[in-house]
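Read through the structure below, which is laid out as structure tokens, and then see the notes.
All of the numbers you see were taken from the coordinates with simple rules; none came from a lab. Not measured: the values here are computed from a predicted model. Cβ placement follows ideal geometry from the backbone for every residue including glycine, while neighbour counts extend to all protein chains displayed.
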2 protein chains.
Amino acid sequence: MAYRETEKMRQRKALARQRILDCARSRVSEGGFRNAQISQVASQAEVATGTIYRHFESKEELFAEVFRAATEQEVARVAKDLAGDGDAIERLERALQRFARRALRAPTMAWALIAEPVDPRVEAERLLYRRAYAELFETAIREGMAAGTLPAQEARHSSTCLVGAIAESLVGPLSPTQTAHHETSITDHEPLVKTIVGFCLQGVTGTRR
Amino acid sequence: MAYRETEKMRQRKALARQRILDCARSRVSEGGFRNAQISQVASQAEVATGTIYRHFESKEELFAEVFRAATEQEVARVAKDLAGDGDAIERLERALQRFARRALRAPTMAWALIAEPVDPRVEAERLLYRRAYAELFETAIREGMAAGTLPAQEARHSSTCLVGAIAESLVGPLSPTQTAHHETSITDHEPLVKTIVGFCLQGVTGTRR
DNA sequence: ACAAGAAATGAATGCTGATTCACTTGTTAT
DNA sequence: ATAACAAGTGAATCAGCATTCATTTCTTGT
């Protein structure tokens, strides 16, 4: 009996794993999932390609985890905004507004998370998180309905519409072709943000005919 | 001086080309773009794989054309509905409703067109057509604004929200995992359709705060 | 019927990365 | 120091398809 996994080793491994995840994420935030190859991630993380497979089942698994981590952060932020002060409408407004602004500030990553064509394993993760967003909004809508600030409606479907409206509105402005050139130009996105949020709130606040 | 392309030949070629397109489309409507391989299309069209390259630059080009044709049809239908009788609101309602119902009736094809991960050449086509839809809606919204049936708004952005809301709402119900099992079960989609349309109309008709 | 060329064929090739694995290096307990 | 085993390495392999191209089959005008 000689080698036994020790705490030190466990930490070192965890560290390496984290470093790989971080590098993968940084790769994605540069050029999207498309040009994040295993070999690149490996060299950036200063490990051999083979090592990556010691920490992750497969490429898809690795990137699914990258996706998960990145999106969890976003979901948490939205959740926080939705849990803040004010009535349901105000909270929805704040959450939507900030979400859109954050996305527009980190366009490549946002595009990768929202709209980039990805392989099925990662796409599955995306669907999961779209649902997560929708559920957060759904809860807020229900609260609004209970408090009487929002009219009766199918909260589930409304929230989905909301997610779709904001995602679609961002796709254009975020897409690499749009972003590529005037990377630095300070396009004023505020009108866009205002309309998106306006539309969404209307959709939710209006009374059904 | 011997062979000269004749009318008969030209027609025959056009026919073959069309048959290839049709088969490609049928492949897609079965399992999406993902499992539509050149070799399969070829065998279904009863030509050799090489022949396909006599008619199309590349796989992507072929499928971009499939996409174009399928989507053009849809765009035309929406355009027609938007050009019908009634005020802007009624026309928008009709167009949205029918669009959703058609999609839900042919889920695999709709999913391929709306949400399936596809390669860049085809994705480009998709963006184009999302824009086309948005522009149709935009026009309708402007007409409504001019006629006084709709309040002043950024028609461009509103229409994008509209496209997003409807697309997102359909993704869940259309996705293969949802569709696969209860293929035949007659899920009643009407409540969904009703909420989507309600949300969209609200988003467009409500007065800005 | 035949020559000149076009179109069709499909087996062989090529490409792009992900994945593997025989080997090297590192770690632990004695 | 050494045995026992784990972790790390990266060149070689593999896989899945798209694409090519030498060869065969078909068309046409004379």
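In chain A, the sites counted are GluC sites (Glu not before Pro) in DSSP loop states with at most 14 other Cβ atoms within 10 Å, and the longest stretch holding none of them, exclusive of the sites, is A:58-209. Across segment A:134-146, rounded Karplus estimates of 3J(HN,Hα) from the backbone phi angles (6.51 cos²θ - 1.76 cosθ + 1.60, θ = phi - 60°) give 4, 5, 4, 4, 4, 4, 4, 5, 4, 4, x, 5, 4 Hz, Gly and Pro being marked x. Computed from phi, the 3J(HN,Hα) profile of segment B:49-54 under the Karplus parametrisation 6.51, -1.76, 1.60 (θ = phi - 60°) reads 4, x, 4, 4, 6, 7 Hz, with x in place of Gly and Pro. The residues packed around A:LYS13, meaning those with a beta-carbon under 13 Å from its beta-carbon, carry a net charge of +4 if Lys and Arg are +1 and Asp and Glu are -1. The alpha-carbon of A:LYS59 sits under 28 angstrom from the alpha-carbons of these lysines, leaving out residues fewer than 8 places away in its chain: A:LYS8, A:LYS13, B:LYS59.
Along its first, second and third principal axes, ordered by size, the protein assembly as shown spans 82, 69, 50 Å in Cα coordinates. For segment B:90-202, the Kirkwood hydrodynamic radius comes to 15.0 Å, computed from all pairs of different C-alpha atoms. The residues neighbouring B:ARG4, those whose beta-carbon lies less than 15 Å from its own, together hold a net charge of +2 under the Lys/Arg +1, Asp/Glu -1 convention. Summing +1 for each Lys or Arg and -1 for each Asp or Glu among the other residues whose beta-carbon sits under 10 angstrom from that of A:PRO117 gives -4.
For chain A, relative contact order (Cα pairs under 8 Å, six or more residues apart, normalised by length) works out to 21 percent. With helices as the sole contributors, chain A gives -25000 deg cm²/dmol at 222 nm; each DSSP H run of n ≥ 4 counts as -39500 (n - 2.57), and the sum is divided by every residue. The residue among B:VAL66, B:GLY31, B:ALA45 whose Cα reaches farthest toward the positive pole of the charge dipole of segment B:26-110, with charges on the beta-carbon of Lys, Arg, Asp and Glu, is B:GLY31. Extension gain, B:ARG34-B:THR51: 0.36 nm per intervening residue step, less the Cα-Cα distance, totals 4.0 nm. Rg ratio for chain A: its Cα radius of gyration over 2.2 N^0.38 Å, N being its residue count, equals 1.21. Per Stokes-Einstein, at 4 °C and 1.567 mPa s, what whole-number D in µm² s⁻¹ belongs to segment B:1-87, with the Kirkwood radius over Cα pairs as the hydrodynamic radius? D, rounded to a whole number, is 88 µm²/s.
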